[in-house]
Amino acid sequence: MTCLNKNKRGTETLLDYCAGTLERERAEAIENHARECAACRALITAQKNLWNALEEVDAPEISADFDARLYARIAQEEAQPTWRVWWSRISLSGITWKPVLTAVAAAAILAVGLTVYAPKLQDSLRQIRSDSVDVEQLEVTLQDLEMLTPPSASVGKTPAGKM
């Protein structure tokens, strides 16, 4: 048997085992697996300890009309228009930001920054490209300049590359 503690479905199966809702063959297979698997054994032990602790706690009584009030609240939420549900999810409550508003604010700041600074960045890149020197072009230009110098200025000099 593969380890049940590795995925959600397996964990749910272990919880069903702890609740005693599994059929006998499946429960026995899990017991055999738990003898060999420390992770599953630890989950089963922790779950049983949790349930035992909850049984010891004195919980307040649930009111008689709890179910009626719960279903009325669910019906009220479902009756709301879709736009109001979405607005309640993204609106601010107190001073806490919702993740959607944070993402929108970040996107707006990025858009403004790109709009303002992109032209300046392009100008800077053009300037860098125009300031770049092509070595071969420079060499050709210097050779052309040597050919243009008057002969009196080039006495004793040999043209570049000729001997």
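The values are calculated or read from the model by the stated rules, or taken from the named source; none is laboratory data. The shown structure was predicted, so the numbers you read here are calculated from the model rather than taken from an experiment. All Cβ positions, glycine included, derive from the backbone under ideal geometry; neighbour counts span all protein chains shown.
Collect the residues in segment 17-26 that are assigned to a helix (DSSP H, G or I) and surrounded by 15 or more Cβ atoms within 10 Å (Cβ to Cβ), keeping them in residue-number order.
Passing the criteria: Tyr17, Cys18.
Can you give me the number of residues within segment 148-163 that are at pLDDT 70 or above and surrounded by 10 or more Cβ atoms within 10 Å (Cβ to Cβ)?
So the count comes out to 1.
Could you check Ile95 against (1) modelled with pLDDT under 70; (2) within 37 Å of the chain's Cα centre (by Cα); (3) surrounded by 10 or more Cβ atoms within 10 Å (Cβ to Cβ) and say which number it fails?
If we test Ile95 against (1) modelled with pLDDT under 70; (2) within 37 Å of the chain's Cα centre (by Cα); (3) surrounded by 10 or more Cβ atoms within 10 Å (Cβ to Cβ), just (3) comes out false.
State whether the residues of segment 55-67 include one that is free of Cβ contacts under 8 Å to residues at least 24 places away in the same chain, out of contact with any strand residue (DSSP E or B) (no Cβ under 6 Å at 6 or more places or on another chain), surrounded by 10 or more Cβ atoms within 10 Å (Cβ to Cβ) and not assigned by TED's automatic domain parsing to the domain that holds Gly10. Give the derivation first.
Initial filter on segment 55-67 (free of Cβ contacts under 8 Å to residues at least 24 places away in the same chain): 55-67.
Next cut, out of contact with any strand residue (DSSP E or B) (no Cβ under 6 Å at 6 or more places or on another chain) only: 55-67.
Now narrow it down to the ones that are surrounded by 10 or more Cβ atoms within 10 Å (Cβ to Cβ): 66-67.
Filter once more, keeping what is not assigned by TED's automatic domain parsing to the domain that holds Gly10: 66-67.
Checked against the condition, which is being free of Cβ contacts under 8 Å to residues at least 24 places away in the same chain, out of contact with any strand residue (DSSP E or B) (no Cβ under 6 Å at 6 or more places or on another chain), surrounded by 10 or more Cβ atoms within 10 Å (Cβ to Cβ) and not assigned by TED's automatic domain parsing to the domain that holds Gly10, segment 55-67 yields at least one hit.
Here are some conditions: (1) within 33 Å of the chain's Cα centre (by Cα); (2) at pLDDT below 80; (3) surrounded by 10 or more Cβ atoms within 10 Å (Cβ to Cβ). Met1 meets all but one. Which one does it not meet?
Here Met1 clears every test but (1).
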